Amino acid sequence: MRKSSYSAVLALLLILCCLSCQTEDAAIPEMTAEQTKAVVLGKWKVQRVDYQVCRNESCTTTNYTGTPHDYFEFRADSAFLYRHAAISTHREAFRAEYKLPGAFVLGHLFWSATFKIKESNGHKAVLVCSYTGADPYAIFTDTYYLYR
């Protein structure tokens with residue numbers, strides 16, 4: 001009887017220890033479409049971009065670390081990505097729609113993607129975009145780390 005009492009107390013202590021160690025991620029308050037637009041508009045330098053591809057529960061990630069001259073410029077109805085190489089500057093233009101709470105859509109010709117704001121403050125933003133391509137079994141996730 002005594003042995004089972006000790007086991008029960010020990011099990012309860014173990015459960016309490018495990019539960020007390022759990023942490024919850026701080027939830028980002030949901031932004032309205034107008035708040036999302038206000039947060040994103042302007043010029044943001046590219047710190048890093050993580051490109052992740054997942055197939056059959058196996059993921060690989062590659063990184064692009066921006067140069068000091070790389071930046072995203074978000075405007076009311078468009079966005080531009082500038083990437084500078086040693087020889088040339090690459091510029092991509094997108095249509096921008098700020099109609100979703102906490103996210104926005106960038107489009108280019110026949111392609112469009114929804115970018116969710118994972119983190120933001122006045123000087124840093126993390127944007128995440130997941131999509132499928134020609135391979136229906138692959139999920140692509142691009143994470144942009146931007147700063148001002």
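Suppose we keep only residues that are in contact (Cβ under 8 Å) with a residue 24 or more places away in the chain and loosely packed, with under 15 Cβ neighbours inside 10 Å within region 74-83. Which one would you say is farthest from Val46 (Cα to Cα)?
This residue is Ala76.
With respect to Ala86, determine if the residue is over 21 Å from Tyr145 (Cβ atoms), in contact with a Ser or Thr (Cβ under 7 Å, 6 or more places away or on another chain) and surrounded by fewer than 14 Cβ atoms within 10 Å (Cβ to Cβ).
For Ala86, the condition - over 21 Å from Tyr145 (Cβ atoms), in contact with a Ser or Thr (Cβ under 7 Å, 6 or more places away or on another chain) and surrounded by fewer than 14 Cβ atoms within 10 Å (Cβ to Cβ) - is not met.
Before we move on, is Tyr145 hydroxyl-bearing (Ser, Thr, Tyr), in contact (Cβ under 8 Å) with a residue 40 or more places away in the chain and surrounded by 11 or more Cβ atoms within 10 Å (Cβ to Cβ)?
Criteria met by Tyr145.
Which of the numbered conditions does Lys37 fail, given that it passes all the others? Conditions: (1) at pLDDT below 95; (2) charged (D, E, K, R); (3) in a helix (DSSP H, G or I); (4) surrounded by 11 or more Cβ atoms within 10 Å (Cβ to Cβ).
All conditions pass for Lys37, except number (1).
The values are calculated or read from the model by the stated rules, or taken from the named source; none is laboratory data. Just so it is clear, the structure is predicted and the values come from calculations on it, not from any experiment. Because the Cβ atoms are built from the backbone with ideal geometry, glycine has one as well, and the counts that use them run over all protein chains shown.
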